[in-house]
Every structure is written in C-alpha cells, then in structure tokens.
Number of protein chains: 2
Amino acid sequence: MDRFGLFGKLTAKEGHGAQLAAILLEASHAMKEVSGCELYVVSTAENEPDAVMVYEVWINEEAHKASLALEATQNLIMQAKPIIAGMERISTFNPLGGKGL
Amino acid sequence: MDRFGLFGKLTAKEGHGAQLAAILLEASHAMKEVSGCELYVVSTAENEPDAVMVYEVWINEEAHKASLALEATQNLIMQAKPIIAGMERISTFNPLGGKGL
C-alpha cells in the first residue's frame, strides 16, 4: 500500500488568514497523536496574506480518510468553516521518501 | 528570517520517471548532511508515471540558494539533466510549523 500525500491551499475570508493559519497549526499538533500521519506542515503563501498551504503525508489513503472522522478534526473544521472562502487541492502524490520522512 | 518552502514537479523524458525519482531520492539523502534543509520529500505523481514531485523546506531562502552550489547538488543536476523533459515550480511558501517540522 503506497503512502498518500496531498498539497492544498485554503483561502480565508479577507483579513482572517492569520486566524486560519492558527487553526491549521492546531490541527497539525493534533496530528502528532495520529500515527497514520507522517507529515502535516502548515505554511503561509507568499503574496497571498489570506491563503494557507498544507502539505500532508499519510501511511496510506485510508489513514487520511479515517482522520477526517476524528473528533479533533471535526472540531477544527467547525472552527475554520465560518472563515473559509475557498479550498483547492493542488496535488496528490505517492511519497517515496527523503529527508524528514 | 522566514523559513522558505517550495513544491515543484520535474517531468522525465518518457519511460525515465523511475530513474529520475531515484536520482532525486539520492539528492534527498545528500540533503541529510545539509543543516539548512529541514525537509526534502520525493514523491511520484498520481497518473503521471514520468513526473516526480519534490517538497522542500529550508531555514531560509539563502540556505536553499547556497545548496544549489554544493558539489553533491551539481553532480545530481548533471545526472538528471539528460533525462529531464520539464520543470515546474508549483508553489513557494513560508512554512510555519506542524507535524514533522
């Protein structure tokens, strides 16, 4: 079973970028307890103050799907929903390895 | 000074995807000796057998630029050049943190 990776962009309503980044950083800390999650990196986008980029690596696609049902994830989705203007899945891929994995 | 991150796609000439991925994995292992590099993850792209995705996180942009001059990097560029058909920088960003960083 291949590893599963995704890279996406979430755009907050104007002026809420920092707030969205904080919620996603909280989500990344919650992932520290989730063994199926190997990487969950939160970034701000250059030149787009209200955009947040998230890079995730999971042991497989099922582990990622299962994480969406976790209470911690559901709570964070509820927190973020009111300030999200858009979501874009930029790429999905199969991580092979490298530094940090 | 902000961290610097980039996500890119390298496309090999037809049939050379696995070879390109192997060269980039070698590059990722070379980065283990480079303190300025925090993450260097190599992936295959879903549905594109000759594409390789690379996600990098550096302590800052200067560290990334400096790495391009390293002998190890130059050797790998020479190895990869004959089989590369295209290169695309999908996104640059400022990593804040998360699981694995």
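The values are calculated or read from the model by the stated rules, or taken from the named source; none is laboratory data. Please read all numbers here as calculations on a predicted model, not as lab measurements. Note: ideal-geometry Cβ built from the backbone for every residue, glycine included; neighbour counts use all protein chains shown.
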Here's a check for you: in the stretch B:1-25, which residue that is surrounded by 17 or more Cβ atoms within 10 Å (Cβ to Cβ) and among the basic types (Lys, Arg) is farthest from residue B:84 (Cα to Cα)? B:3
Out of all the residues in the stretch B:53-98, which are exposed (fewer than 15 other Cβ atoms within 10 Å of the Cβ), in contact with a strand residue (DSSP E or B) (Cβ under 6 Å, 6 or more places away or on another chain) and over 27 Å from residue B:18 (Cβ atoms)? B:60
In the stretch A:75-101, how many are assigned to a helix (DSSP H, G or I) and in contact (Cβ under 8 Å) with a residue 12 or more places away in the chain? 4
Selection from the stretch A:46-57 of residues more than 11 Å from the chain's Cα centre (by Cα) and not in a loop (DSSP other than H, G, I, E, B) yields A:48, A:49, A:50, A:51
Odd one out for residue A:15 among (1) at negative phi; (2) free of Cβ contacts under 8 Å to residues at least 60 places away in the same chain: (1)
Does the stretch A:43-57 contain any residue that is under 30 Å from residue B:32 (Cβ atoms), modelled with pLDDT under 95 and more than 10 Å from chain B (Cβ to nearest Cβ)? no
Could you tell me whether any residue of the stretch A:60-74 is free of Cβ contacts under 8 Å to residues at least 60 places away in the same chain and part of a strand (DSSP E or B)? no
Selected residue (criterion: farthest from residue A:91 (Cα to Cα)) from residues of the stretch B:37-52 that are touching a residue at least 24 places away in the same chain (Cβ under 8 Å) and surrounded by fewer than 18 Cβ atoms within 10 Å (Cβ to Cβ): B:49
Taking the stretch B:43-97 and keeping only residues that are under 20 Å from residue A:4 (Cβ atoms) and small (Gly, Ala, Ser), one is left with B:43, B:45, B:51, B:91
Within the stretch B:28-39, track down each residue that is assigned to a helix (DSSP H, G or I) and closer than 15 Å to residue B:4 by Cβ. B:31
Total residues in the stretch A:72-101, condition within 14 Å of the chain's Cα centre (by Cα), within 7 Å of chain B (Cβ to nearest Cβ) and within 16 Å of residue A:31 (Cα to Cα): 0
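Residue by residue, here is whether (1) within 11 Å of the chain's Cα centre (by Cα); (2) within 11 Å of chain B (Cβ to nearest Cβ); (3) over 23 Å from residue A:100 (Cβ atoms); (4) in a strand (DSSP E or B) holds:
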position	(1), (2), (3), (4)
A:2	no, yes, no, no
A:7	yes, yes, no, yes
A:11	no, no, yes, yes
A:41	yes, yes, no, yes
Please determine whether any residue of the stretch B:26-34 is surrounded by fewer than 20 Cβ atoms within 10 Å (Cβ to Cβ), within 13 Å of chain A (Cβ to nearest Cβ), basic (Lys, Arg) and within 12 Å of the chain's Cα centre (by Cα). no
